[in-house]
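Asker: Take this structure first; my questions come after.
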Amino acid sequence: MEDEEEIILTEAAEELARQQSAAEPTGDDGSDVGPLGLNNGQLHEIRLGDDIFDDDEAMVVRTDVPESEENRTSFWQILKTHVIYIQCYFVTIACILGTGILGLPVTLAQAGFYPFVVSFLIGFVMQVLLIYFFTDLLQRAHAYQIEKHKAVSVEEVQLPLREINDNDSEDGSIDTANGETGGRTYRHAMPTIEDIQRPNLHMLGTLFLGPGWRQLFDIILLLQFVFILISYALAGSEAYAQVLNVEYLYIIPVFVWILSISIVFAQHVIQPLISILTLAKGGILVATVVVTFGVGAAVANEIKNNFQYMGQPFLMGTVALGGIMNVMPLMYSRIDFVKTQIRAFMLAVLAGLTTCMILNVLWCWSVLGIVPQTSTCDVVQVVEAGFESVNNTSIVTYKPVSNSPVDCSQELSLERSEKRGEIATIPLTEIINTDYPKYTWVAVLIQTFIMLSVSVSFLTMGSALMHSFLGWLDAQMLWERLGRQNLLPLELKCCTPKVWRPAMCLLLFGIVFAVAMLDPKGFVVLLDKISSLLLNLEGGVFVYFMVRKSRSQTYSNLKIPLPVIRLVYPAHFVLLFYFTFAVVYDVVLTLIVILT
């Protein structure tokens, strides 16, 4: 009986080897074809020629299905793909268009509108280049994982029937006819397309940064995410507390844990929800801008421009349009490794960035049309009074009083808000409520925008944090190898990745909650400073090193669908200069403030 079973196993191995040798050299069109894998009785064919990148059907799965059913599947697949692009667009807006847009106008107190536009457009071009190069990095990391998958598949095809321990028989093992072979079981260990790991931020650092730099990159990412989420937790709790008229410390636990648990356990619902909420908050912002423009036309406030102060909105501009690379790996994981999908993905991200740029410019322009840039409060005294009988008018001469004890703090201006650390909506709503009471509902719109914006931003950045953290955790734990080699202690057998991964994520969000509950009032400004510094450091210095390393000999043979154009490649030096200048400028300004 054992001899017959061995003959059956040998014939199966030879048949699989013949199939692999017949399909591996070339495809129908002469392109290279990778190894074949078995998955539920179906043959999966991985096409690796250049033409893979021009066809959404490049990853061919040959199955015996009716043509009508295949057409229905194709229609729903196309519809699903386009929905993903729309979600990428809205997630991009949700990441960029946070509460920072409300504080941006206060940096224009001295500079005015035109210097801000010039500085902001330069920052916009830098962000476009950053997205372009980062898309290239994501593709190269993905291509490396595909090549790694091919190598593993070839090894498994050479030994398709692997002897394993009886303890592993529950995990996909294939027994012989009677279910037993003298205490031994066999199974096919063939990796499938779904086993290819998608890129994450930790993987990019591991592949394209050297020793020491990759660890520093992971630390910077973790600190940046945690600091941003702490700021959102405090700002969101205060926004909801104002509406509910309660102490904001009571709101922090509800705000943080409801959103955190949703991120960890309902991730498949989060991205559609983010898209809906982003559409809602975008509509609210557009309505606010339209009303503000209408009021500004009646006020006719004079806008003064001074290019000497163009540096003031510079740093805020880098933050207002930055951070998208933190969520790009999360969105990229939902598309296939083909040219059409990757191009559409990049265009969706760029469209979201462009939308945010336009909204930021319009918002600042509308605020400048109502709120004065500087304080013009002059206290005066009457020095001469008289009466003109011809025109029946009184004549009064005034003289400004210097060093007057009279308080001018009630003068509404962007300059005053900047000194107080206020967002631009505070003087805006005060002016509207005082002089244009019929538009008082704008204050309600702004408050709703703040609540929605903070909640959506927390969900977006929290999802990006979890995606990056799980990439690091999976790389450290090597779950599959631990399971195969039975390296886990007996008491940890019940703690599978399905238990450990959400538990560790909740622990990470618990750190955010604990720091927020400490009520770091004086720490909020420091958090914002550090977040902007780390954001520019990540976007400039580290991406530059990644781009350089990705062109090294180790990765020179990788073929990707949408590589960077040769003429554009030198622009990565411009990115390094721009973001390094932003980091140095930020550090210098911070030191000046501290020392003075």
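Asker: Whole number in Å², please: accessible area per residue of segment 291-384, 1.4 Å probe, ligands, DNA and RNA not counted.
Answerer: Using a 1.4 Å probe on heavy atoms only, each residue of segment 291-384 averages 39 Å².
Asker: Taking a 1.4 Å probe, which of 336, 218 shows the most accessible area, and what order do the others take after it?
Answerer: From most accessible down to least: 336, 218.
Asker: Between residue 243 and residue 475, take the C-beta separation as r, use R0 = 35 Å, and let me know the FRET efficiency to the nearest 0.05.
Answerer: 0.25
Asker: On a 1.4 Å probe surface of the protein chains, which of 150, 304, 281 comes out largest in accessible area, and what is the full order?
Answerer: Result, largest first: 304, 150, 281.
Asker: Just to verify a number: what accessible area does residue 257 come out at with the full protein assembly present, 1.4 Å probe, Å² rounded to tens?
Answerer: We get 80 Å² for residue 257.
Asker: Give me the distance in nm between label points sitting 7 Å out from Cα along the Cα-to-Cβ direction at residue 304 and residue 374, one decimal.
Answerer: It works out to 0.3 nm between the two label points.
Asker: Using only Cα atoms, figure out Rg for segment 540-596 and give it as a multiple of 2.2 N^0.38 Å.
Answerer: Here the answer is 1.61, to two decimals.
The values are calculated or read from the model by the stated rules, or taken from the named source; none is laboratory data. Quantities reported herein were computed from a predicted structural model and do not represent experimental measurements. Backbone-built Cβ (ideal geometry, glycine too); neighbour counts: all protein chains shown. When the accessible area is computed, the model is the full protein with side chains, heavy atoms only, and any ligands, DNA or RNA have been set aside. Shrake-Rupley method; radii C 1.70, N 1.55, O 1.52, S 1.80 Å.
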